[in-house]
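Student: Below is the structure I would like to discuss, written out as structure tokens.
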């Protein structure tokens, strides 16, 4: 789901009644960088098709604001996409529970998340 698909009550229901989300995607300035937006949308669809419960923060917010939402909703896995990370062929992974940071290849992301 995309964060703009929710209002406050439906987001609260998703978290409290349905167990929330497993993965958050936080693209850095998706309205400014078209490639980042496109890749975030594609990653969102790929992860949902693989069975993950995914929240894509598709607002044009500063990264820190998006990270605070992920922490508040207690989403355990965060993937950040930026122009720089996409050029390097990686996603920036952050485990919000263990505070582990890692760069994960774009091709290996499904296997990586399944192992977590």
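Yes/no matrix, rows are residues, columns are (1) within 14 Å of the chain's Cα centre (by Cα); (2) more than 14 Å from residue 2 (Cα to Cα); (3) buried (at least 18 other Cβ atoms within 10 Å of the Cβ):
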position	(1), (2), (3)
58	yes, no, yes
65	yes, yes, no
93	yes, yes, yes
109	yes, yes, yes
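Student: Could you count how many residues in segment 82-106 are out of contact with any helix residue (DSSP H, G or I) (no Cβ under 7 Å at 6 or more places or on another chain), assigned to a loop (DSSP other than H, G, I, E, B) and within 16 Å of residue 38 (Cα to Cα)?
Tutor: 2
Student: On to the next question. Kindly evaluate residue 79 against the criterion of being closer than 20 Å to residue 115 by Cβ, in a helix (DSSP H, G or I) and in contact with a strand residue (DSSP E or B) (Cβ under 6 Å, 6 or more places away or on another chain).
Tutor: no
Student: So how many residues does segment 47-56 have that are within 12 Å of the chain's Cα centre (by Cα) and either surrounded by 17 or more Cβ atoms within 10 Å (Cβ to Cβ) or in a loop (DSSP other than H, G, I, E, B) (or both)?
Tutor: Residues flagged as within 12 Å of the chain's Cα centre (by Cα) and either surrounded by 17 or more Cβ atoms within 10 Å (Cβ to Cβ) or in a loop (DSSP other than H, G, I, E, B) (or both) within segment 47-56 amount to 6.
Student: Is there a residue in segment 34-46 that is in contact with a strand residue (DSSP E or B) (Cβ under 7 Å, 6 or more places away or on another chain), surrounded by fewer than 20 Cβ atoms within 10 Å (Cβ to Cβ) and either touching a residue at least 60 places away in the same chain (Cβ under 8 Å) or on the phi > 0 side of the Ramachandran plot (or both)?
Tutor: No: segment 34-46 contains no residue that is in contact with a strand residue (DSSP E or B) (Cβ under 7 Å, 6 or more places away or on another chain), surrounded by fewer than 20 Cβ atoms within 10 Å (Cβ to Cβ) and either touching a residue at least 60 places away in the same chain (Cβ under 8 Å) or on the phi > 0 side of the Ramachandran plot (or both).
Laboratory data are not the source of any read-out in this text; all were calculated from the coordinates shown. Note that this is a predicted model, so its numbers are computed, not measured. Neighbour counts run over all protein chains shown; Cβ positions are idealised from the backbone, glycine included.
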